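The values are calculated or read from the model by the stated rules, or taken from the named source; none is laboratory data. Note that this is a predicted model, so its numbers are computed, not measured. Backbone-built Cβ (ideal geometry, glycine too); neighbour counts: all protein chains shown. For the accessible areas, the whole protein counts, side chains as well, though only heavy atoms, and no ligand, DNA or RNA atoms are used. Shrake-Rupley method; radii C 1.70, N 1.55, O 1.52, S 1.80 Å.
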Amino acid sequence: MKKGRVDALLGIVFGDEGKGKVVDVFTPRYDVVARFAGGPNAGHTIIFEGKKFVLRSIPSGIFAEDKINIIGNGCVIAPDLFMAEAKELENAGYDLKSRLHISKRAHLILPTHRVLDRAYEAAKGKNKVGTTGKGIGPTYSEKASRTGLRVGDILENFMEKYNALKARHEQILRDLNFTEYDITEEEKAWLEGIEYMSTFPLTDTEVEINKYLREGKSILAEGAQGTMLDIDHGTYPFVSSSNTTSGGVCTGLGIGPNVIKEVYGIFKAYSTRVGAGPFPVELFDETGNTLRRIGNEYGAVTGRDRRCGWVDLVALKYAIMINGVTQLIMMKSDVLDTFDTIKACVAYKKNGEILEDMPFETEGCEAVYKEIPGWKCDLTKMTSEEEFPQAFKDYIKFLEDELETPITILSVGPDRAQTIERIKA
Ligand code: GDP
Ligand code: IMO
Ligand code: MG
């Protein structure tokens, strides 16, 4: 009998919704925080007490000193990047070793996976995905091809297995005629990272998580990326390579669906996308630039400009359906503080036809907008819902009516403290 529970917090658009911030805010309510998908393609920003951290592989629950954090089997991990990230936290005074557990079943990103990522992107010509270059696609492909290396492989005959896989990658790269690379330095840091990683508890996290559930503990599953970047449900082929949606919580942690209770869907009061692929709400005008500037929309991993546009209700409805979202969290409302009018995309138009449901292909879709009056005041200092201006309350109500899901948390600034709960979650 499982007495515990898992709640999931999932980005439901194109990533960068503010997952890191909310996971950090939620952590005190849970016993365990676990990442179930993705790897260092993620960049989760946490700001508190004048400090800022950007986490890539380590769960955002790491700042609460008494909580267990888990990198689950559905994740991919780059030992060199993991080491750099973990050392930064250790240098800042956080003890990780006893409470950051890594699944033996998580797959390792090799330096040559990163080269392959670049090589495959180069071969795509103008159809590039615009990946983060972290080797995510090649590593998950390798997992599916049943030729990958897993964290548990570190524990036995590792160098033999590593060299065999590296040689295979080098052969593929030669076949692709992609030979202009040098991983000497990277490999050194990577192997150091392997040593460093072995000082952490490398465990059967699936067994561990289910034991916690039997003991009545609560687990927060921290999503990475967003629904529209999910390998099955996103804007394929312009997606990442894992299941970022609620199904991924089960496969990526080794739990049954019946232990999942709340599914929090997190989105911004407007939309952004990094990398290539269709984005019907994208604004190429001054409004788009203003959203980028005020929202500080530059990639946390690659520093790239994020593409900006108005909120997309077609995508949100689809994501709520795919994930079984029970509560919504709206971030960065403060970014819209100065706009006279705000728009929301309520449908797509393609070849003269109005589409209210997510089509197979969003390329060529045009956004159909509804205009909403702006609130024209500073939300960033507000601490409760009662202080909200009527126009902002109306925007929230409009979204809730359209999405048929309550928005229970609103974020009005990047700091941990700038978070307003409407109904006790
Ligand atoms: P994640 O990948 O979903 O964790 O999100 P990112 O960290 O990549 O991007 C979210 C960005 O928005 C970060 O720079 C946060 O510090 C910032 N942020 C989060 N919530 C808010 C908010 O309510 N208002 C503003 N202005 N910034 C926010
Ligand atoms: P977080 O967790 C935003 C995008 C990349 C690219 C595509 C594939 O911070 O929300 P990949 O390197 O995964 O093969 O790239 O997915 N992408 C993200 N965009 N936020 C992320 O993570 C992302 N992780 C990957 O820009 O378009
Ligand atoms: Mg991010």
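Test Ile266 against the stated conditions and say whether it is among the β-branched types (Val, Ile, Thr), within 13 Å of ligand 1 (Cβ to nearest atom) and over 22 Å from Lys126 (Cβ atoms). Spelling it out, Ile266 is indeed among the β-branched types (Val, Ile, Thr), within 13 Å of ligand 1 (Cβ to nearest atom) and over 22 Å from Lys126 (Cβ atoms).
Within region 178-218, the set of residues being out of contact with any helix residue (DSSP H, G or I) (no Cβ under 9 Å at 6 or more places or on another chain) and among the polar types (S, T, N, Q) comprises Thr184, Thr199, Thr203. With respect to Asp305, determine if the residue is within 16 Å of ligand 2 (Cβ to nearest atom) and either modelled with pLDDT of 95 or more or not β-branched (Val, Ile, Thr) (or both). Yes; evaluated as a whole, the condition is true for this residue.
Among the residues of region 365-378, the ones that are under 28 Å from the mean Cα position of the chain (by Cα) and either at pLDDT below 95 or open to solvent by 90 Å² or more (accessible area, probe 1.4 Å) (or both) come to 1 in all. One residue stands out in region 275-330 among those that are under 20 Å from Ser240 (Cα atoms) and of a type in the set (Ser, Thr, Tyr): the one that is surrounded by the fewest Cβ atoms within 10 Å (Cβ to Cβ), namely Tyr298.
Within region 211-263, the set of residues being among the charged types (D, E, K, R) and either open to solvent by less than 20 Å² (accessible area, probe 1.4 Å) or closer than 22 Å to Asp117 by Cβ (or both) comprises Glu222, Asp230, Asp232.
Quick grid of which residues meet (1) free of Cβ contacts under 8 Å to residues at least 12 places away in the same chain; (2) within 8 Å of ligand 1 (Cβ to nearest atom); (3) surrounded by fewer than 24 Cβ atoms within 10 Å (Cβ to Cβ):
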residue: Val6; (1), (2), (3): no, no, no
residue: Arg35; (1), (2), (3): no, no, no
residue: Ala42; (1), (2), (3): no, yes, no
residue: Ser60; (1), (2), (3): no, yes, no
residue: Ala64; (1), (2), (3): no, no, yes
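Please determine whether any residue of region 196-204 is within 16 Å of ligand 2 (Cβ to nearest atom) and either of a type outside the set (Asp, Glu) or farther than 19 Å from Ser103 by Cα (or both). Checked region 196-204: no residue is within 16 Å of ligand 2 (Cβ to nearest atom) and either of a type outside the set (Asp, Glu) or farther than 19 Å from Ser103 by Cα (or both).
Among the conditions (1) away from ligand 1 (no atom under 16 Å from the Cβ); (2) out of contact with any strand residue (DSSP E or B) (no Cβ under 8 Å at 6 or more places or on another chain); (3) over 23 Å from Val368 (Cβ atoms), Gly352 misses just one, which is (3).
For (1) more than 10 Å from ligand 3 (Cβ to nearest atom); (2) modelled with pLDDT of 95 or more; (3) touching a strand residue (DSSP E or B) at 6+ places or on another chain (Cβ under 6 Å); (4) at positive phi, each residue gets a yes or a no:
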residue: Val23; (1), (2), (3), (4): yes, yes, yes, no
residue: Tyr30; (1), (2), (3), (4): yes, yes, yes, no
residue: Ala37; (1), (2), (3), (4): yes, yes, no, no
residue: Thr45; (1), (2), (3), (4): no, yes, yes, no
residue: Phe53; (1), (2), (3), (4): yes, yes, yes, no
residue: Ser60; (1), (2), (3), (4): yes, yes, yes, no
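Filtered by the rule that a residue be of a type in the set (Gly, Ala, Ser) and under 19 Å from Asn69 (Cβ atoms), region 185-215 gives Gly193, Ser198.
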